[in-house]
Amino acid sequence: MLKIFDGHNDTLNRKYNSHPIKDFDFLSTNSDAHLDLPKARSGGISGGMCAVFTEGDAPTQEQAEQNAQLVSGDIVDIESRSGGSFKQCRSASEIQTAMDNGTFAATLHFEGAEPIKPDLSNLEYWYGKGLRSIGITWSRPNAFADGVSFGFGTLPDQGSGLTAAGRELVRQCNELGILIDMAHLSAAGVRHVLEISTQPVAVTHGNVWQLCNSPRNLTDDQLKAIAANDGVIGINFHKGFLSPTGDSDSDIDMQTIVSHFQYIANLIGIRHLAIGSDFDGAFMPDCLADASKMPNLISALNTAGFSHEDIELIACKNWLRIFPD
């Protein structure tokens, strides 16, 4: 059976933000959640990067660290209660083993580096807690870099990129074995990461700017630069980052979603293409309303001419290739 590893979800974090999933338990069916264990099993999702995101224009260090403690604690708690159906994984080999055993393989991910102190004095602590991927920014500036705005019709060429702390963050993450995620990062920040990183990098959830002119999406030059780094882009299912008009209120069809996969495959190759749903953090199209609908996407990719081997790369193998081990 095809195994899918999802590059980005906000499911566990939804317990703690301003629009929580009510009475949420990942191991049980939750009607208003995009992703839980029963939906994941139904849809073939065998694991994913579970994000920590701290709300607000400029969250304090204390708020960010508290949120990270809550989500990382939930991952440990879910594993302890799961009876072997959920496991926190810290390497590509652990992810593969868990998925082969029918266990949901969860990894801890920071969406925005705010839980990391600017002097990086707690980076190794979070590594010890299982942090294995880190998005430097959300759509706001922090101590490490500039994020991009939400202004549809604009380019991501906003801000001055990485700060000195951000540059050092990339270097130390490379040394420790923490995947760098460039989602939400300004164009200058993307350039700086690619200049510094000695390891393949990711955009865990991002789409094609030429098809949807959101600054959160990637231009052709950025896509080519990521390919040159041997990095991977996970396609985001948020309607506003897929629609040609940037509209997140109206539904979109499966072909619109598939067109982003096709564009990247044709421009830079299957090796750099993956899935980064943004489940429980965005507005999903009806055809991918939750994790149980993932077979709709796999079928559509097959119909569009992607081979079984191509789809295996997109679904899981490309993430495992660049994930730390």
Residue check for Phe24: open to solvent by less than 30 Å² (accessible area, probe 1.4 Å), at pLDDT below 95 and touching a Ser or Thr at 6+ places or on another chain (Cβ under 9 Å) = yes
Taking the stretch 191-215 and keeping residues open to solvent by 30 Å² or more (accessible area, probe 1.4 Å) and closer than 21 Å to Phe237 by Cβ leaves Trp209, Gln210, Leu211, Asn213
_Is it the case, given these coordinates, that Glu111 is surrounded by 16 or more Cβ atoms within 10 Å (Cβ to Cβ) and under 20 Å from the mean Cα position of the chain (by Cα)?_
yes
Checked Ser85, Ser80, Ser93 against criteria (surrounded by fewer than 20 Cβ atoms within 10 Å (Cβ to Cβ) and in contact with an Asp or Glu (Cβ under 7 Å, 6 or more places away or on another chain)); the one match is Ser93
Answer yes or no: is there a residue in the stretch 98-105 that is open to solvent by less than 50 Å² (accessible area, probe 1.4 Å), modelled with pLDDT under 95 and not aliphatic (A, V, I, L, M). no
Here the residues within the stretch 144-171 that are assigned to a loop (DSSP other than H, G, I, E, B) and in contact with an Asp or Glu (Cβ under 8 Å, 6 or more places away or on another chain) are Gln158, Gly159, Ser160, Gly161
_If I filter the stretch 283-293 for residues that are more than 27 Å from Arg14 (Cβ to Cβ) and surrounded by fewer than 23 Cβ atoms within 10 Å (Cβ to Cβ), do I get at least one hit?_
no
(1) among the basic types (Lys, Arg); (2) farther than 29 Å from Asp325 by Cβ; (3) at pLDDT 95 or above all hold for Arg140 apart from (3)
Note: among Lys293, Lys317, just one is of a type outside the set (A, V, I, L, M) and touching a residue at least 24 places away in the same chain (Cβ under 8 Å), namely Lys293
Scanning the stretch 46-57 residue by residue, those touching a residue at least 12 places away in the same chain (Cβ under 8 Å), out of contact with any Lys or Arg (no Cβ under 7 Å at 6 or more places or on another chain) and open to solvent by 10 Å² or more (accessible area, probe 1.4 Å) turn out to be Phe53, Thr54, Glu55
Flagged in the stretch 114-143 as open to solvent by 10 Å² or more (accessible area, probe 1.4 Å), of a type in the set (Phe, Trp, Tyr) and in a helix (DSSP H, G or I), in numbering order, are Tyr125, Tyr127
If we keep only residues of the stretch 223-237 that are touching a Lys or Arg at 6+ places or on another chain (Cβ under 9 Å) and crowded, with 22+ Cβ neighbours inside 10 Å, then the residue farthest from Val148 (Cα to Cα) is Val232
Only one of Ser307, Ser277, Ser248 is open to solvent by 10 Å² or more (accessible area, probe 1.4 Å) and modelled with pLDDT of 95 or more, namely Ser307
Condition (residue is of a type in the set (D, E, K, R), within 30 Å of Lys15 (Cβ to Cβ) and either open to solvent by less than 30 Å² (accessible area, probe 1.4 Å) or free of Cβ contacts under 8 Å to residues at least 60 places away in the same chain (or both)) applied to the stretch 261-272: is it met by at least one residue? no
Screening Gln96, Gln88, Gln69, Gln61 for residues that are without any contact (Cβ under 8 Å) to a residue 40 or more places away in the chain and not β-branched (Val, Ile, Thr) leaves only Gln69
Review point. Looking at Phe306, is it over 20 Å from the mean Cα position of the chain (by Cα) and more than 13 Å from Gln96 (Cα to Cα)?
Key: yes
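The values are calculated or read from the model by the stated rules, or taken from the named source; none is laboratory data. None of the values given here were measured: they were computed from a predicted structure. Quick reminder, even Gly has a Cβ in these numbers, built from the backbone with ideal geometry, and neighbours come from all protein chains shown. The area values use the complete protein model at the heavy-atom level, side chains included, leaving out ligands, DNA and RNA. Shrake-Rupley method; radii C 1.70, N 1.55, O 1.52, S 1.80 Å.
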